[in-house]
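Only the coordinates and a few stated rules stand behind these numbers; no lab work does. The model shown is predicted, which means the values in this text are computed figures rather than measured ones. Methodologically, a virtual Cβ is constructed for each residue, glycine included, from the backbone with ideal geometry; neighbour enumeration extends over all protein chains shown.
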Amino acid sequence: MREAGEGDSPLSRSRLLAYAWRETLELRRDPVRLTVALLGTVLLMLVFGFGITMDVENLTFAVLDHDRSPESRAYIEQFDGSRSFRATPPAIDARDLALRLQRGEASLTIEIPEGFGRDLRRGRVPEVAVRIDGAMPFRAETIQGYVSGLHQRFLQDAATASGVTLPAAPANLEMRYRYNQAFRSLDAMVPSTIGLLLVFIPAILAALGVVREKELGSITNLYVTPVTRLEFLLGKQLPYIGLAAFNLLLMVAMAVTLFGVPVKGSLIGLLLGGLVYVVATTALGLLISVFTATQTAAVFGTAIVTMLPATQFSGMLQPVSTLEGGAWLFGTLFPTTHFLKISVGAFTKGLGLAELLPFILATAAFIPVFLALGVAFLPKQER
């Protein structure tokens, strides 16, 4: 017995569209899958967009002021007046100061020694003891940068006001941020969240479309009709590409209107790259479906295969260039890595279509690979 489709056209548009229409009708009859397809990305976009933030604001700090001079009070007020810090009641003694840091009641403590104001008036650089809660390293490093900046600015302003000259620093380093000058987490996280959601939900839906056929036994239609495996997979994929493209438009609109993250670069490049990306992610879902036999296994398998690389190895939390060995290779060979360059480039860096095109082509390269592997591993007709 020959394999289904042998001797026929390798790719029939009518057979492919017939499977696509059948999958669309099944999707319409399944309210759970349809709801996830239409509203899943919206809900998760709200959760991730507002819930995941790297902003360091309203950090509580405690002060033990041994000097109690006008200069020490001015020093404390510059912290309290910053949006990054929020003062708690003054500490009673050093033990009270240490306990607040230990209990998490303060993110940092400041101990101002006696003679702080006197040293400042005489042109000497006073010493201040600052202790930072290092339980969260990223936040601790950010706090250290804020404290250093405020400290240096205060010393300079105080010296200028008093007409004294402080000892020159070994070097004077002034930094300028080229992108995201406001240093907002939303400008970084929202474009990345789009890439995360467009690999997670579309891949799961595409995987379920094939695995459901296995559970129901209707996949035998593939064996008794002249439909080729490629036509079967593409027909299953098309409806989810349409749904994912709709979700792409929806999330871009949410990013601009709800989160206030404008598209500074090429909107056409962003949408074109997004369309290519969802074709790749749905193809990835089809590939995963080949190796799973139940819908439960498909959901968990796809979630693991998509979420872990997208968050850990694609540049969402740390640049891929900082990874080494297998982690770097895995990140480079995952489509989300390249789409994040498209999304962040279009939203935050203001890249045009010409600058985005190499990343779009890199993302497109995954499509034939995933489809070819899916066709190769899809079970053949029994002979």
### Query
So between Lys349 and Asp119, what do we pick up on full extension, going 0.36 nm a residue minus the alpha carbon distance?
78.3 nm
### Message
If you only keep lysine pairs separated by 8 or more in sequence, or across chains, how many in the chain come under 17 Å at the Cα atoms?
### Response
5
### Message
Need one word for region 59-120: rounded, prolate or oblate. Basis is the Cα gyration tensor (sqrt eigenvalues a ≥ b ≥ c); a/c below 1.5 gives rounded, then a/b vs b/c decides.
### Response
oblate
### Task
Please give the net charge around Gln144, taking every other residue with its beta carbon less than 13 angstrom from that of Gln144, where Lys and Arg add +1 and Asp and Glu add -1.
0
#### Entry: Rounded if a/c under 1.5, otherwise prolate or oblate - the chain, Cα gyration tensor axes
prolate
### Query
Mind listing the phi-derived Karplus ³J(HN,Hα) values for region 226-234, rounded to whole Hz, using 6.51, -1.76 and 1.60 with θ = phi - 60°, and x for any glycine or proline?
x, 7, 7, 5, 5, 5, 4, 5, 5
### Query
So who's got an amide H within less than 5 Å of the one on Leu351, skipping anything under 5 residues away but keeping other chains? H placed 1.01 Å off N, in plane.
Gly265, Ser266, Ala346
### Query
Quick one: Kirkwood hydrodynamic radius for region 227-311, alpha-carbon pairs, angstrom, one decimal?
14.6 Å
## Note on the structure
For the chain, averaging the sequence separation of alpha carbon pairs under 8 Å that lie six or more residues apart and dividing by its residue count, the contact order in percent is 21 percent
### Query
When the convex hull of the Cα atoms of region 59-162 is projected onto a plane and the area is averaged over all directions, what value comes out in nm²?
6.1 nm²
#### Entry: Estimated 222 nm signal from helices in the chain, with DSSP H stretches of n ≥ 4 weighted -39500 (n - 2.57), rounded to 500
-21000 deg cm²/dmol
### Query
Once you mark the GluC sites (Glu not before Pro) that are in a DSSP loop and have at most 16 other Cβ atoms within 10 Å, what is the longest gap between them in the chain?
175-323
### Local electrostatic count at Thr160 - Lys and Arg +1, Asp and Glu -1, tallied over other residues with Cβ under 15 Å
0
